[in-house]
Amino acid sequence: MAFRNLHCRLLALKAHLGTYWSMLLGALFSFIVAATGVAGFMLIEGWDFVSAFYMVVITLSTVGYLEVHELSAQGRMFAAFLIIGGVGSFLYIAAAFAQVLVEGRLQVLWGKRRMQRQISKLRDHFIVCGYGRIGSIVSQEIKNEGHEAVVIEQDPKLIEIMEQEGVLCIEGDATSDEILLMAGLMNAKSLISALTSEAANVYVTLTARQLNPDINIVARAGDRSHISRLELAGADRVVLPHFIGGIRMAQSVLRPTVTNFVEIAVRGGLDLQMEELEVSPTSVLVDKDLMNSDIRPKYNLIVIGIKKADGEMVFNPGPKEVIHSGDTLLAVGKKTDLNAIKEIL
């Protein structure tokens, strides 16, 4: 468990540093070489710390000064290997810096760094894997509701579009532990895997569940036979877009009035919204029934269901239904009224 936690922390640090990770490794290796050199001269030649440190500096910097003291045969061999290690570390740092300049394009890199810093500060946000037909709609809906969403996408063209639109995004493979951690998986509220590949959705779900057992995961499936695989991998809910679309089209012809009303409400044609309201232990609604809670007369809201703390769902609750701590009220009403009632929850 300790090794796994250390591995996750290293991955998170690598994800946070991004392109600078190689430069950090080079600097760390240079420090190790210098420290080894000081310790080596002190042990092999018996020098004091100042003489050993000075010898390491003039050796690694290749300034060409004379030796502090005459070196023994063992000391010269040690100095030779010290020079090889020092030159190697400097070349590694130079190569890493050249990679930043050539591949990263500093201006673009600074922009990505700013975005990454912004992502690292997010808490209780949503991660959307894939910015295709489904993922783009999901991220837009989340943004319209006032929440933050981070999109993971491999297509550079889609990344460019999202950057122009101000969408928080990360370019990379969503099945990678490093990329998921870069998106803030450990601090996210939910993850939506909307990739076109069924196998990729399974792998993303499995990886995310292992890294963060508490995160809520919604996965896309293309066929009913794949639902069990995604649930077994750790998905809390599996959605079939084609199945939902087919039902919606059928309802449009079977119950057109109801369907039109729902569409108008959802798309903002009416000041109407359905919201989940979680009751905290300190809420004034705890241990009150619906009649005495004054939710209807005071806030003009309709409670159409109550999800109990144990998962039981009570539809169309009666006036004597008691509200308990941890319950989630499914309420319908105006957005202003829904925001007002949140103050007493």
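Quick note: the coordinates plus some simple rules give every number you see, no bench work behind them. Note that the coordinates shown come from a computational prediction; the quantities given were computed from them, not determined experimentally. In this analysis, Cβ positions are derived from the backbone assuming ideal geometry, glycine residues included, and neighbour counts consider all displayed protein chains.
Note the angle between two axes, namely the Cα long axis of helix 133-144 and the longest principal axis of the Cα atoms of the chain, as a number of degrees from 0 to 90, rounded to the nearest 10.
Value to nearest ten degrees: 80.
Going highest first, how would you order 156-163, 33-40 by mean Cβ packing within 10 Å? Display every interim value, and only then the final one.
Numbers: 156-163: 14.9, 33-40: 18.0.
Put in order of decreasing packing, that is 33-40, 156-163.
Could you compute Rg(Cα) / (2.2 N^0.38 Å) for segment 84-233, with N its residue count?
On the way: Rg = 17.4 Å, N = 150, 2.2 N^0.38 = 14.8 Å.
Computed over Cα atoms of segment 84-233, the ratio equals 1.18.
Residue by residue through segment 112-118, what is 3J(HN,Hα) from phi via Karplus (6.51 cos²θ - 1.76 cosθ + 1.60, θ = phi - 60°)? Round to whole Hz and write x for glycine and proline.
Ordered by residue, 3J(HN,Hα) equals 5, 5, 5, 5, 5, 5, 5 Hz.
Full-extension gain between R296 and W21, please, as 0.36 nm times their residue separation minus the C-alpha to C-alpha distance.
Value of the extension gain: 93.3 nm.
Students often check this: by mean Cβ neighbours within 10 Å, which of 292-303, 144-155 ranks highest, and how do the rest follow?
Descending mean neighbour count gives 144-155, 292-303.
Taking the Cα centre of the chain as origin, work out the dipole magnitude from +1 charges on Lys and Arg Cβ and -1 charges on Asp and Glu Cβ, in debye rounded to 20.
I would put it at about 500 debye.
Going highest first, how would you order 241-251, 194-204 by mean Cβ packing within 10 Å? Mind showing how you got there, number by number?
On the way: 241-251: 11.5, 194-204: 19.9.
In descending order of packing, they fall as 194-204, 241-251.
So for segment 122-239: antiparallel DSSP bridges make up what percent, rounded to the nearest 5?
Expressed as a percentage, antiparallel bridges in segment 122-239 total about 0.
Which one of V239, S193, L28 has its Cα pushed farthest toward the positive end of the charge dipole of the chain, where Lys and Arg give +1 and Asp and Glu give -1 at the Cβ?
Projecting each Cα onto the dipole axis, the largest value belongs to V239.
Nearest 10 degrees, 0 to 90: what angle lies between the long axis of helix 241-254 and the longest principal axis of the chain (Cα atoms)?
That works out to roughly 20 degrees.
Among DSSP beta bridges whose residues both lie in the chain, state the antiparallel percentage, nearest 5.
In the chain, DSSP labels about 45 percent of beta bridges as antiparallel.
Please label the shape of segment 272-344 as rounded, prolate or oblate, based on the square roots a ≥ b ≥ c of the eigenvalues of the alpha-carbon gyration tensor (a/c under 1.5 means rounded; beyond that, a/b larger than b/c means prolate, else oblate).
The shape class here is rounded.
Identify the GluC sites (Glu not before Pro) of segment 236-345 meeting these criteria: DSSP loop state and at most 14 other C-beta atoms within 10 Å of the C-beta.
Passing both the DSSP loop test and the Cβ count: E312.
Can you tell me the orientation of helix 256-266 relative to the chain, as the angle in degrees between its alpha-carbon axis and the longest Cα principal axis, to the nearest 10?
40 degrees
With the dipole of the chain worked out from charges on the C-beta (+1 for Lys and Arg, -1 for Asp and Glu) around the Cα centre, which of Y131, I302, G85 lies farthest toward the positive end?
Checking the options against the dipole of the chain, the answer is I302.
What's the local net charge at N187, with K and R +1, D and E -1, over the other residues with C-beta under 15 Å away? Can you show the working numbers first?
On the way: positive: R9, R117, K121, R123, K189; negative: D124, E148, D214.
Around N187, the surrounding residues sum to +2.
Return the lysines within reach of K112: Cα separation strictly under 18 angstrom, same-chain partners fewer than 8 residues apart disregarded; answer none if there are no such residues.
K14, K121, K157
Rounded to whole Å and sorted largest first, list the principal axis extents of the Cα atoms in the chain.
Here the spans come out as 95, 44, 37 Å, largest first.
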